[in-house]
Amino acid sequence: MLKPTILVTAATGKTGAATTIELLARQYPVRAMVRQADARSRRLEKAGAHVVLGSLEDYADLQAAMSGVQRAYFCPPLEPGTLRRATLFATAAQAARLECIVFLSQWISDPLHPAVHSREKWLTGEILRQLPGLDTIAVQPGFFADNYFSALDTMLQFGVMPLPLGSGLNAPPSNEDIGRVIAALLIDPAPHIGNAYRPTGPRLLAPDEIAAICGRALGRKVKYQNAPIEMFQKFALSMNVPRFLVSQLYWYFREYQAGAFAAGAPTDAVANITGSPPEDFAQIATRYVAAASHSRPSVAGRMNAGAQLFKALLIRLPPIADMETQLAIPPVEHALFVQDSALWRAGHQEAGVTK
């Protein structure tokens, strides 16, 4: 029996690459859609993927990528225009008569969320689910494990993890575990049609526990420091992180501090869907440190990190409302954080699965 050809969008990204590698390991034909040819796409090609260049904004590219494909993983980037890309993808998928789409949503997706990306992730699900003849499955991870390693240099050079997490708890999933879940759903979608799964790590961790685990992986003591969100935003801007992403991170850190990523976590989604338990955060941290280009503190490293911090301090950060006005993000008068949303709470009563 011929195995279906599976399209993976954003195939060089966090979850796209992990999904592609897992599908190839299971000997499924994969068409990997990427924005540009680079070392990451060449690695996928070498592993056996059929790499195609294209844009989720270009209907002709989507038509070409879906030709001869039966199933797809849709992973829109965290950029302006999520809803537009979702509509283009949905239209092309229906025209191509795809059997099934697994799409990346969010733990905190909700129609009234203050973050526009979270609102549009919710709308993406509604658009895809309403298409006649197309089966869909949602994957809704929370705060990814690799997000903590944005502070890797500071942890390495100064022994501090300065992130605006408050005292919030999280069961962080690895990119690889999320990819294994997505691949398993694409390989055998029938039992899961219409469901939403929330992969997590095996246990809830406090920020100081996460810092300590990172420290052990680095071979030095690391202490958690609850940084102001605004300081993190300034640091991100100093590193040329796009302003849209910086605006969305403001709301995601507010949710983290409020405990949203601990609500209903940990789940058994990874174990139930893949047949293997999720990675412990210590395993993930060890892998990230081993892959880092440098893993020892140095005078030059401390000077570079200090200079970056000084650069961040000089940045003028507008209030979040002004930033979103500048970005043409429409305000929502009745915005709610997810734990105040009856719709969100109803959809998250079952740990790991919603209908």
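The values are calculated or read from the model by the stated rules, or taken from the named source; none is laboratory data. Note that this is a predicted model, so its numbers are computed, not measured. Ideal geometry is used to build each Cβ from the backbone, glycine not excepted, and the neighbour counts take in all protein chains shown.
What do you reckon, is Ser105 closer than 16 Å to His334 by Cα and small (Gly, Ala, Ser)? Please lay out each step first, then the result.
Details: closer than 16 Å to His334 by Cα: no; small (Gly, Ala, Ser): yes.
Taking the combined requirement at face value, the residue does not satisfy it.
Among the residues of segment 13-34, the ones that are among the small types (Gly, Ala, Ser) and part of a loop (DSSP other than H, G, I, E, B) come to 1 in all.
Considering only segment 134-150, I want to know if a residue exists there that is in a helix (DSSP H, G or I), farther than 30 Å from Val222 by Cα and in contact with an Asp or Glu (Cβ under 7 Å, 6 or more places away or on another chain). Let's see the steps before the verdict.
So in segment 134-150, the residues in a helix (DSSP H, G or I) come out as 145-150.
After this cut, where a residue has to be farther than 30 Å from Val222 by Cα as well, the list is none.
The answer is no; no qualifying residue exists.
In segment 327-334 there is no residue that is more than 19 Å from the chain's Cα centre (by Cα), surrounded by 16 or more Cβ atoms within 10 Å (Cβ to Cβ) and modelled with pLDDT under 90.
Considering Ala95, Ala86, the condition of being free of Cβ contacts under 8 Å to residues at least 40 places away in the same chain and small (Gly, Ala, Ser) is satisfied by Ala95 alone.
Does any residue of segment 170-179 turn out to be on the phi > 0 side of the Ramachandran plot, in contact (Cβ under 8 Å) with a residue 40 or more places away in the chain and either not in a helix (DSSP H, G or I) or not small (Gly, Ala, Ser) (or both)? Can you show your working first?
Of segment 170-179, the ones on the phi > 0 side of the Ramachandran plot are none.
Taking every residue of segment 170-179 in turn, none turns out to be on the phi > 0 side of the Ramachandran plot, in contact (Cβ under 8 Å) with a residue 40 or more places away in the chain and either not in a helix (DSSP H, G or I) or not small (Gly, Ala, Ser) (or both).
Scanning segment 199-209 for any residue that is surrounded by fewer than 16 Cβ atoms within 10 Å (Cβ to Cβ) and either modelled with pLDDT under 95 or touching a Pro at 6+ places or on another chain (Cβ under 9 Å) (or both) turns up at least one such residue. Residue-level check: of (1) closer than 21 Å to Asn304 by Cα; (2) among the basic types (Lys, Arg); (3) modelled with pLDDT of 95 or more; (4) surrounded by 17 or more Cβ atoms within 10 Å (Cβ to Cβ), Lys234 misses just (3).
Looking across segment 196-227, the residues that are under 27 Å from Trp344 (Cβ atoms) and in a helix (DSSP H, G or I) come down to Pro207, Glu209, Ile210. Of all residues in segment 278-315, those being assigned to a loop (DSSP other than H, G, I, E, B), of a type in the set (D, E, K, R) and either under 18 Å from Leu245 (Cβ atoms) or at pLDDT 90 or above (or both) number 2.
Evaluation of Glu99 against the conditions (1) more than 22 Å from the chain's Cα centre (by Cα); (2) surrounded by 23 or more Cβ atoms within 10 Å (Cβ to Cβ) shows that the sole unmet condition is (2).
Within segment 165-180, if we keep just the residues that are small (Gly, Ala, Ser) and surrounded by fewer than 23 Cβ atoms within 10 Å (Cβ to Cβ), the residue that is nearest to Gln27 (Cα to Cα) turns out to be Gly168.
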